[in-house]
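Below is one structure, written out as C-alpha cells; comments come after it.
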Amino acid sequence: MKSLDHLKMEITELFPDGTSINSKGHFEIGDVDLVDLANQYGTPLYIYDENTIKNICYEFIHSFRKYWKDTHILYAAKAFINKPLAQLMMSENLGLDIVSGGELAVAQSVQFPPSSIYFHGNNKSKDEISMALDYKIGRFVVDNFAEIELLTELCQKKNVVQDVLLRLSPGIDAHTHVKTTTGILDSKFGFSIVTGDAMDAVSSILKSKNLNLIGFHCHLGSPIFELEPYKLGIESMMEFISSTITMGVDFKEFSPGGGFAIRYLKTDKPPQVESYAKMIVETIVKECSKYDMSVPKIVIESGRAIVGRAGVALYRVGSTKDIPNVRKYVSLDGGMGDNIRPSLYGSKYQPYLVNRVAESDSEKVTLSGKFCESGDILVEEAVLPQLHEGDLIALPASGAYSPAMASNYNLNPKPPIVLITKNGTSKLIRKGETYEDLMSFDVL
Ligand code: LLP
C-alpha cells in the first residue's frame, strides 16, 4: 500500500484543488467521485474544476496587482474555450486573448465585454478583422505589415479608429520546445527588433489615421520554466520602445504575453505565479525609470496556467500487450485524438490509477492510445499498480491544449467535458460527440 499522506501531498500539486481520496479508495474532486463520473458520462472524459479555475484567476490578479495595480489579466482562449468557460472568465473579470473568428464567436455568444478582447494572430483574415471591428473589440495586436494595410483599409471603410499594440519579436530564446518558441528571430510571429522591421512598423502605424498605437506586446514561448527570459525580453523591448517615444508614440500599454509553466510531473518545478509577477513587474518598472518613461498598464495573457491544473483526463484501460523483455503496452480508450501533446511535443504526463488509489506501484507499462498510429502513446514507461481491463487512469494537468487541440482522427468522437461546480456537483459543459455529429457535415 502507498503512504496516503505522501500521495495526498503529491496530488495537491498536480490535481485540482479539493482533490482527495475517499473511503472507497477512489479519487474525488470537491466530493465528486471520479469513478462515478466515469460511469455516468463514459470515458474518455475531461473534467474541469470550477473552484480551481477561480482560485487561479484570483491568484493571477492579486499576484500581479500586488506589484503593479494597473494590471489586466487576459485568459488566452487557445488553451481551451467554449461558452461556459468564456462565461466563467468573464465572471472572474479576466479579459480575453483570441486568435480566430471562432474564438471571437464564442466570446460574442456570451456577450463578453468587447473592450477587454485582444485579437492576436499572424494571418488574420479580412472576415475575421471585419467581425472584430464590428464587435468593437478593445485591441488588435498587429503582427505584420500586411495586417497594418488590411486593418487600415477596413477601419477606413468603417470609419473607425482602432487601438492597436505592436507585436515585437525581441530575439530571446525562452528554452521551450522548438514548436512552441516564438520570441526568437526565426519565428513567423511579430516584428523583429534587430532587422529594423519593428521600427518600420511603428512609422507606418503612426502614419495611419485609423490606427492608434498605444503599446507593445511580445510572447516568448510556452511553457517557460525560467524567469530570466522574461527579464531579457522586457529589457530588449523597453530599449526599443524608448526610441519610439520621440517619434510620437504614446506608450500606454505593455504586454509580455503568457507562457507561465505548470507542473505536469511530480519532478517539475515551475515558478510560482507570484515569482513571475515580481520579476515581470520589477523589470518593467526598472526599465521605464531607466528610459524616463511612465510605467504603462501591464497586460498579461495566460492560458495554460489558468486552466491546466484545473483539468483532468480520465481513460479506461482496455487491452494489454506484453512483449517479454521489451515493453508492456496497456491501451487506453483515448489518445492522440483528445491529447496530441505527447505525440507532437513529446510532452510528459504523470498517470494515476483512479479506482484503487492506494495500491502500490508494481510495474512499468507504456500507456498507449487507441488511434491507429504507433506514435499514439500517452505515457511512456509509467510506473503503476498492476492494471486490469476496466481500470480508470487519470492524467492530471490536462486542462490546457488537450480538448483545445482535439481532432476526429480515425473518426473517433471528441469526449464530453464535465465541470465540477462550487457546491460539489458536476455538470456537463460540452456534450460528447456522436457518430451522427461526425457525419453531419458530409454532403452525399
Ligand atoms: N499569448 C500569445 C500571443 C500566445 O501565442 C500564447 C500561446 C499565449 C499568450 C498563451 O500561452 P500560455 O500561457 O498558455 O502558455 N499547444 C502548445 C502551446 C502553444 C501556445 C501557443 N501560444 C502546448 O500544448 O503546449
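The values are calculated or read from the model by the stated rules, or taken from the named source; none is laboratory data. Keep in mind that this is a model prediction, so the values were computed, not measured. With ideal geometry, Cβ positions are generated from the backbone for all residues, glycine too; neighbour counts draw on all protein chains shown.
Here are a few things to note about the model shown:
- Residues satisfying the criterion are present in the stretch 57-68 (criterion: surrounded by fewer than 18 Cβ atoms within 10 Å (Cβ to Cβ) and not in a helix (DSSP H, G or I)).
- Residue within the stretch 283-302 that is in contact with a helix residue (DSSP H, G or I) (Cβ under 9 Å, 6 or more places away or on another chain) and closer than 30 Å to residue 382 by Cα present: yes
- Pair list, Cβ < 6 Å and 6+ apart or interchain, from the stretch 209-226 residues that are under 15 Å from residue 184 (Cα atoms) and in contact (Cβ under 8 Å) with a residue 12 or more places away in the chain to residues that are part of a strand (DSSP E or B) and within 13 Å of the ligand (Cβ to nearest atom): 217/141; 217/165; 217/167; 217/255; 218/168; 221/181
- Subset of the stretch 178-192 (residues that are more than 16 Å from the ligand (Cβ to nearest atom) and at pLDDT 95 or above): none
- Evaluation of residue 137 against (1) assigned to a loop (DSSP other than H, G, I, E, B); (2) touching a residue at least 40 places away in the same chain (Cβ under 8 Å) (one fails), failing number: (2)
- Selection count where residues are over 25 Å from the mean Cα position of the chain (by Cα) and either at negative phi or in a loop (DSSP other than H, G, I, E, B) (or both), scope the stretch 371-381: 3
- Looking at the stretch 277-369, the strands (runs of 3 or more DSSP E) lying wholly inside it that each contain 1 or more residues that are over 27 Å from residue 219 (Cβ atoms) sit at 311-323, 327-332, 363-368.
- Residue 26 meets each of the listed conditions (1) assigned by TED's automatic domain parsing to the domain that holds residue 360; (2) of a type outside the set (A, V, I, L, M); (3) closer than 26 Å to residue 297 by Cα apart from (3).
- From 331, 343, 275, residue being within 12 Å of the ligand (Cβ to nearest atom) and of a type in the set (S, T, N, Q): 343
- Top-ranked residue in the stretch 216-264 [being closer than 21 Å to residue 61 by Cβ and away from the ligand (no atom under 14 Å from the Cβ); ranked as farthest from the chain's Cα centre (by Cα)]: 252
- Among the residues of the stretch 132-177, just one is surrounded by fewer than 16 Cβ atoms within 10 Å (Cβ to Cβ) and either within 12 Å of the ligand (Cβ to nearest atom) or outside the structural domain of residue 72 (by TED's automatic domain parsing) (or both), namely 177.
- If you go through the stretch 77-134 and keep only what is within 17 Å of the chain's Cα centre (by Cα), part of a helix (DSSP H, G or I) and not hydrophobic (A, V, I, L, M, F, W, C), you end up with 78, 83, 84, 87, 102, 103.
- The requirement of being more than 24 Å from residue 11 (Cβ to Cβ), away from the ligand (no atom under 16 Å from the Cβ), assigned to a loop (DSSP other than H, G, I, E, B) and of a type in the set (S, T, N, Q) is not satisfied by residue 407.
- Number of positions in the stretch 1-49 that are among the acidic types (Asp, Glu) and under 16 Å from residue 416 (Cβ atoms): 2
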